[in-house]
Amino acid sequence: MNFLRDADIDPAPLADKRVAILGYGNQGRAQSLNLKDSGTDVVVGLRGGSGSTVEAQASGLATALVEDAVASADVVMMLAPDEIHAALYREIEPHLRQGAALGFSHGLSVRFGFVEPRADLDVFMVAPKGPGTALRSLYREGKGMIALWAVEQDSTGDARGIALAYGRAIGCARAGLIASSFAEEAEADLFNEQAVVWGGVPELLIAGFETLVAGGIAPEVAYLECVGELHLIAELIEARGIAGMKEVISNTAELGALLGGKRIVDESVRKRMAEVLAEVRAGGFAEELRSEEAGGYERLEKARADARSSLIEKTYRRLSGDEPA
Ligand SMILES: NC(=O)c1ccc[n+]([C@@H]2O[C@H](COP(=O)([O-])OP(=O)(O)OC[C@H]3O[C@@H](n4cnc5c(N)ncnc54)[C@H](OP(=O)(O)O)[C@@H]3O)[C@@H](O)[C@H]2O)c1
């Protein structure tokens, strides 16, 4: 595996360049602050009247309207939500300098055709594998977050150098930059979101909680068992790997895991996981995302409201002391 760290990477390709960060959300905030602290010339491009302008300026960052930031930059990072990348790219394309570099932190919009970059541009990806809040806090602790990097289009011959120097400047090369591609990153990320950590795991927790409650167990006890222990296993896996985690739990827990795990996650689950991967690759999820945005996020808003009013959330709020017992 091609695994690059700070010492393997020349920072020079970014040294005399100006970077425009479009969007000051989860990733935009973290990446622009890390770039600034690494000595990179950075400007945050925001919409007129954006509420983020004051916050970015208070953090010592230069800000400009999106089109002005783009026109002034050698490297432009698309850090607004993926589903608006098509419209945002149409807006900025006339302002992108000839031979500029266009960067992404997720492969989705290029892999699934939301953005078809102009032929003269360098197109690269540095995709940190975690949220912006952690990207920033790790950087401040002198650490970094692993990222995948890729070049989709190398028009100037400098795309590789810029991508790696960018990954270094946001602190990711302290942990490691892994060579990938827009397609591989997008497909794996979208699969995981649906089938494993962000889709599968929460539904498993809810199903376990509801099974215990239906079996007469108090909601608070069910919550502590099925949800409250999640951070313990996450920390153990992070520190020791899955096999190492199993070695430090009790024999009771280990035998339970051995007998129960494969009974719950059986071949039928793997078959549905393969279906999810095939749908992702065929563009099914990208189309869902496009239509969700076009429909004003109606389905997401309803799901958020339903989740907030569910028994498991009421139980969480009671245990956190946010709601009377
Ligand atoms: N969330 C993560 O931690 C994470 C992790 C890895 C990769 N990524 C990738 O990073 C990228 C950014 O994701 P994110 O979660 O950081 O996004 P986000 O937090 O939802 O981005 C919000 C920002 O985008 C701006 N924005 C929204 N619409 C805009 C428009 N039409 N024109 C200009 N700016 C606009 C918002 O402007 P206002 O301030 O004016 O509202 C805000 O500053 C995505 O490609 C995502 O897949 C994200």
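The values are calculated or read from the model by the stated rules, or taken from the named source; none is laboratory data. It should be emphasised that the depicted structure is a prediction, and the values quoted were computed from it without experimental measurement. Here the Cβ positions follow ideal geometry from the backbone for every residue, glycine too, while neighbour counts run over all protein chains shown.
A compact table of results
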read-out	value
Unique match (being under 17 Å from the mean Cα position of the chain (by Cα) and assigned to a helix (DSSP H, G or I)) among E225, E187	E187
Filter result (in a loop (DSSP other than H, G, I, E, B) and surrounded by 14 or more Cβ atoms within 10 Å (Cβ to Cβ)) within the range 1-19	R5, I9, P11, K17
Cβ pairs under 6 Å, 6+ apart, first in the range 129-154 and within 11 Å of S105 (Cα to Cα), second hydroxyl-bearing (S, T, Y)	L148/S180; A150/S180; A150/S181
Residue check for K262: loosely packed, with under 13 Cβ neighbours inside 10 Å, on the phi < 0 side of the Ramachandran plot and part of a helix (DSSP H, G or I)	yes
Odd one out for F3 among (1) among the aromatic types (F, W, Y); (2) within 17 Å of G144 (Cβ to Cβ); (3) within 14 Å of the ligand (Cβ to nearest atom)	(3)
Subset of the range 118-134 [surrounded by 21 or more Cβ atoms within 10 Å (Cβ to Cβ) and away from the ligand (no atom under 14 Å from the Cβ)]	L121, D122
Verdict on F124 being within 25 Å of W198 (Cα to Cα) and modelled with pLDDT of 95 or more	no
Of all residues making up the range 135-146, the number that are assigned to a helix (DSSP H, G or I) and more than 8 Å from the ligand (Cβ to nearest atom)	5
Test: residue in the range 137-146 that is in contact with a helix residue (DSSP H, G or I) (Cβ under 6 Å, 6 or more places away or on another chain), of a type in the set (D, E) and at pLDDT 95 or above	no
Selection status of L289, surrounded by 11 or more Cβ atoms within 10 Å (Cβ to Cβ) and over 17 Å from A195 (Cα atoms)	no
Candidates R111, R168 - the one that is away from the ligand (no atom under 15 Å from the Cβ), of a type in the set (D, E, K, R), in contact (Cβ under 8 Å) with a residue 60 or more places away in the chain and over 18 Å from Y24 (Cα atoms)	R168
Residues within the range 42-77 that are β-branched (V, I, T) and either more than 14 Å from the ligand (Cβ to nearest atom) or not in a strand (DSSP E or B) (or both), tallied	6
Matching entry among I206, I217 (being hydrophobic (A, V, I, L, M, F, W, C), in contact with a helix residue (DSSP H, G or I) (Cβ under 9 Å, 6 or more places away or on another chain), farther than 30 Å from V76 by Cα and outside any helix (DSSP H, G or I))	I217
Total residues in the range 78-87, condition part of a helix (DSSP H, G or I) and either within 10 Å of the ligand (Cβ to nearest atom) or in contact with a Lys or Arg (Cβ under 6 Å, 6 or more places away or on another chain) (or both)	5
Subset of the range 109-134 (residues that are under 15 Å from A183 (Cβ atoms) and in a helix (DSSP H, G or I))	S109, V110, R111
Matching residues, the range 20-41, being of a type in the set (K, R) and either in a loop (DSSP other than H, G, I, E, B) or more than 15 Å from the ligand (Cβ to nearest atom) (or both)	K36
Members of the range 88-108 that are within 14 Å of the ligand (Cβ to nearest atom) and either surrounded by fewer than 16 Cβ atoms within 10 Å (Cβ to Cβ) or closer than 23 Å to S180 by Cβ (or both)	Y89, R90, E91, E93, L102, G103, F104, S105, H106, G107, L108
